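Below you'll find the structure, written out as structure tokens, and then a few comments.
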2 protein chains.
Amino acid sequence: MSDDFGAMSVTAYRRLAGRFRRWSALREAAFLLQWDSEVMMPAGGASARSEQNAALELAGHGLLAAPEIDDLLTAAEADRTGLDNWENANLAEMRRLQIHATALDADLVAALSKASSACTDAWHRVKVSGSFTDLRPVFAEVVHLNRLAAQAKAEEFGCLPFEALMDQWEPGARIAEIDHLFDDYAAFAPDFIAEVKEHQAHQAPAITTAGPFDRDRQKALGERIMAGLGFDFRHGRLDTSLHPFSTETPSDVRITTGYQDDDFLLTSLPGILHETGHALYEQNLPHAWRLQPVGRSRGMSLHESQSLLIENQLYRHPAFCRYLSPLANQTFPGHEAAFEPANIHRLLTRINPSARRFEADEVTYPLHVILRYRLERALIDGQLTVADLPGAWNDGIRDLLGVEVRHDGEGCLQDIHWYTVYWGYFPCYAVGAMIAAQLFDAASRALPDLEQAIAVGDFTGLRSWLTQHIHSEGASRPMAEMLRDASDQALNPAFFRRHLRRQYLST
Amino acid sequence: MSDDFGAMSVTAYRRLAGRFRRWSALREAAFLLQWDSEVMMPAGGASARSEQNAALELAGHGLLAAPEIDDLLTAAEADRTGLDNWENANLAEMRRLQIHATALDADLVAALSKASSACTDAWHRVKVSGSFTDLRPVFAEVVHLNRLAAQAKAEEFGCLPFEALMDQWEPGARIAEIDHLFDDYAAFAPDFIAEVKEHQAHQAPAITTAGPFDRDRQKALGERIMAGLGFDFRHGRLDTSLHPFSTETPSDVRITTGYQDDDFLLTSLPGILHETGHALYEQNLPHAWRLQPVGRSRGMSLHESQSLLIENQLYRHPAFCRYLSPLANQTFPGHEAAFEPANIHRLLTRINPSARRFEADEVTYPLHVILRYRLERALIDGQLTVADLPGAWNDGIRDLLGVEVRHDGEGCLQDIHWYTVYWGYFPCYAVGAMIAAQLFDAASRALPDLEQAIAVGDFTGLRSWLTQHIHSEGASRPMAEMLRDASDQALNPAFFRRHLRRQYLST
């Protein structure tokens, strides 16, 4: 009997794998279209592109929401004896994706899609110079519908409503843990920021230079560093867009950055390094599980940890500045004083509390995230009304950062996330920064020569360590387990604090 | 009763329009992916891209082949009184597409897809240096399955098997008419070619120049001419690929060409002009019918006519050479003798019978098409065995062009069409050339100042005439009807012959 069940289960699993393969391929196609929209598409293609995106999403949703999938999942889950660990993890991920796809009834899906589109359009119209009041009605509808969606998904998953939204990006994320991490940082940051400001006020000011720095040369320098980090150009490319981003398409990872003529150390290069971190994760995911849910990254916190490890732990490391200095001089002769390793490090670690997340440094960035996390939870839990959002935002920025918000464009209108579909995403950015610090610490212990290797541009040890402990695991195990195995302990915000003290106070 | 039926019919039509809108958006997404594969994709992305293409095709096929679509079509067709002419034409196109999607049983679809993929892969391996023998078994399977497909579709459409294959590209194409056109040309060409060779032997040889011509400048020159022709860069762009092509995506038409350092008059520029002809058709299709079948072009013969009209009727026109001459001198100073208008015309009208279609001039090109058409019909009708194809090909090239084929790479392996899914496509190229000549003649009569306008680079009259008579009609009427209304007569190969005599013998 068990044997029969096992055979049935394996057959069901095989059919599911075929369906999810198609679903994943459609998801990759959607990533490519999104990349194209930002990099290649002429402006007049936007409305047709929206139709293409919507059609792709419907096609993908149709695959996951077909009643047959539920039947196959139930059959496969009935007896897992025929499946190995990876197949079991794959099955669990399939079920999680299927629940996200089917938890909402068709009317709610349609209403959410319509309201989100209208809100995104409205946001694009008002984001720069408008006021939040201009999109309050349409945004209120979006909040209302996301609250319903959060409740519906929470019932299916047996978790809190906001946790169900976070689960879309970070499987199994729990409010209690996020609160623990974020409260810790919010308590630490104000005194630390004051201390860093005081410390930097007593330092010689960093020598600045305004170039001009030819953009093609900036790009060539970036590509050279990407290649050194192990980015595989047979399976990816670097292009230009307004804001840096990367695609979750392991066989062909498109990353972008933006260029300015008067700088590359604080603009194009950190963008390239950050996205290269994402790309290394994608390119080194387990090849045998391509286009299966278990072959994807283990959530967006871990994904952000990979980008932030490369951008903040590595790129801003004094040893990396020693590696970068001669490269910068070769690429752009005539700026030798500014390109001294110590000066590069000073440029890359200046602290500058700002109302804008995009301008934030490594120290203040998590505070931006913490504010957003608290506000979006309050919106979903009904503790905060839409009308009160701008005031709560501005108060929060003042409390956490000591900065005044002058208008909604640099306040609650600055990020697209809530005005489109990225509800529950924000925590990943700050959790990722903490994971990055903990992983880099573990890698440094495992690789005693890491600092010397970085200083000469040899990143093979670090890349191999990350691939072994993170990338190659795909989504086969919970993130917490992977982190514990890699670093010998659970996620601990002390690593990030210690990193910041070392980086900003040299202690 | 009729009123009730009318209302039901209108409701069914509306639902169909929604489904076909999604289907068309997926088709546009597929075009974008194809463009990306040729223009942007790193080599390592190929196999993932195949999966994406297959998933998109399945999603599109699923939409068309759903039983509900047949029911809705039947309901809408039951009483057309509530529908206007365009809606009726749209309904007819929907049915045609639905028959193509459903005429084959699932086993045949799967077998065809598998065999075509295998054959395309095999072709890519052997095309340059291999022998046809290397892919005979897999190609034989492709021919066999396409024969079955042709028969199944022919039964549904009530036409001959090969006509059913042509219908995929040229709706309603009939063998009797194609034979009439092609037999006419095959009879005309040999004596004409001999006459042109004799004529050109007595002319002063064209002055050639080998540049070098900077590729960015070639591109800028091409873009300037594109803009003059009315290409809308808000809704399209020009990029680089090995072979020129364009996408059927009216809101965002991507066209490409290839560049060589030693020439632009015979390489990058005709590529750009050809694809701009396609693009003008797409960009000027009726906006109100975007993403509906009736809003698409009226078949690939007419599409090729638009590209060939721009490439051959316009670009190779003596008046265009007068317009191009100063532009070429401004862009690439130092080649004044070669860029004399009369010399440019001489360069653009050299005749050169070759075994390769890609190298063919305007006169010999249709002969390449005629041979392929005759051979592919014979393969589908069972008159020619796969084993006999290379010999029949080489005999045909000798008979029609007086040229010897040295190996299969420049023989029956040179085109990808049969080794993938383009069965029944070839006739469109030559029929398009004939339509182009007839339309240009009609435009010249309607626009008495056309030649003077061309000489000064004013293409607005020609473009408006084409938009009015062809582009704006979408697929609302049969091509033959559109051609008759535009030119006052049915398709007549005499126009093409007359054009060639004028162009190549100045008679």
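Just a few scattered comments:
- Taking the 1.4 Å solvent-accessible surface of chain B as the whole, the part contributed by carbon and sulfur is 51%.
- In sequence order, calculated HN-Hα J values of the range A:94-105 (Karplus, 6.51, -1.76, 1.60; Hz; x Gly/Pro): 4, 4, 4, 5, 5, 5, 4, 6, 10, 5, 9, 6
- Our compactness index for the range A:215-369, the C-alpha radius of gyration over the empirical 2.2 N^0.38 Å, is 1.06.
- For the range A:348-445: Kirkwood Rh in Å [reciprocal of mean 1/r, alpha carbons]: 14.4 Å
- Using the Cβ-Cβ distance between A:Ala194 and A:Glu156 with R0 set to 60 Å, the FRET efficiency works out to roughly 0.85.
- Each other residue within a Cβ distance under 13 Å of B:Ile178 adds +1 if Lys or Arg and -1 if Asp or Glu, for a net charge of -4.
- If R0 is taken as 25 Å, the Cβ-Cβ distance between B:Gln34 and B:Gln383 corresponds to a FRET efficiency of 0.15.
- Accessible surface buried at the B:A interface totals approximately 2600 Å², computed with a 1.4 Å probe on protein heavy atoms.
- For the range B:347-367, backbone nitrogen atoms closer than 16 Å to the point 7 Å from B:Ala201 Cα along Cα-to-C-beta are found at B:351-353.
- Closest approach to the axis - chain A beta-carbon, rotation onto B, Å: A:Ala59, 2
- For chain A, calculated [θ]222 nm from helices alone, where every DSSP H run of n ≥ 4 adds -39500 (n - 2.57): -20500 deg cm²/dmol
- Long-range tail of P(r) for the range A:112-250 (Cα pairs > 18 Å, %): 78 percent
- Cα long-axis angle, helix B:460-469 against chain B (0 to 90 degrees, to the nearest 10): 30 degrees
- Average accessible surface area per residue within the range A:1-102, 1.4 Å rolling probe, Å²: 43 Å²
- Residues of type aspartates and glutamates that A:Lys127 reaches as a straight line, Cα spacing below 19 Å, ignoring anything fewer than 8 places off in the same chain: A:Glu38, A:Glu141, A:Glu359, A:Glu376, A:Asp388, A:Glu404, A:Asp408, A:Glu410, A:Asp415
- The range A:177-218 and the range A:227-242: distance between their alpha carbon centers, rounded to Å: 27 Å
- Shown for the range A:409-505 is the translational diffusion coefficient from the Stokes-Einstein equation, using the Kirkwood radius over Cα pairs, a temperature of 10 °C and a viscosity of 1.306 mPa s: 102 µm²/s.
- Computed as a quarter of the hull surface, the mean projected area of the alpha carbon convex hull for the range A:1-102 stands at 7.0 nm².
- Sequence ranges B:459-470, A:59-70, ranked by mean other-Cβ count within 10 angstrom, highest first: B:459-470, A:59-70
- When B:Ala446 is represented by a point 7 angstrom out along its Cα-to-C-beta vector, the spacings to that point in the other copies are 7.1 nm, nearest first.
- Pairs of alpha carbons in the range A:208-305 whose separation is greater than 15 Å (percent): 60 percent
- Percentage, to the nearest whole number, of Cα pairs in chain B over 44 Å apart: 14 percent
- Degrees, to the nearest 10: A:67-78 long Cα axis against longest axis of chain A: 90 degrees
- Unit Cα scatterers, Debye sum, the protein assembly as shown: log10 I(q)/I(0) for q = 0.05, 0.09, 0.10 Å⁻¹: -0.37, -1.13, -1.31
- Efficiency of FRET between A:Thr507 and B:Thr240 - r from beta-carbon atoms, R0 56 angstrom, step 0.05: 0.55
- Contact residues in the range B:53-67 (at least 20 Å² less accessible area with all protein chains than alone, 1.4 Å probe): B:Ala55, B:Leu56, B:Leu58, B:Ala59.
- Sequence-ordered 3J(HN,Hα) estimates for the range A:482-488 from the Karplus curve with 6.51, -1.76 and 1.60 and θ = phi - 60° stand at 4, 5, 5, 5, 7, 10, 6 Hz, glycine and proline given as x.
- With the gyration tensor restricted to C-alpha atoms of the range B:91-181, the semi-axes of the equivalent ellipsoid amount to 27, 17, 11 Å, longest first.
- Between the C-alpha center of the range A:424-478 and that of the range B:314-351 there is a gap of 61 Å.
- 0 to 90° range, to nearest 10: angle between helix A:136-157 axis and chain A longest Cα axis: 60 degrees
- Local electrostatic count at B:Val39 - Lys and Arg +1, Asp and Glu -1, tallied over other residues with Cβ under 11 Å: -2
- Protection proxy ranking of B:434-443, A:325-334, B:415-424 - average other beta-carbon atoms within 10 Å, highest first: B:434-443, B:415-424, A:325-334
The values are calculated or read from the model by the stated rules, or taken from the named source; none is laboratory data. Values in this document were obtained by computation on a predicted structure and should not be read as measured data. Every residue, glycine as well, gets a Cβ built from its backbone with ideal geometry; the counts of neighbours run over all protein chains shown. What goes into the accessible areas is simple: the full protein's heavy atoms, side chains included, and nothing from ligands, DNA or RNA. Shrake-Rupley method; radii C 1.70, N 1.55, O 1.52, S 1.80 Å.
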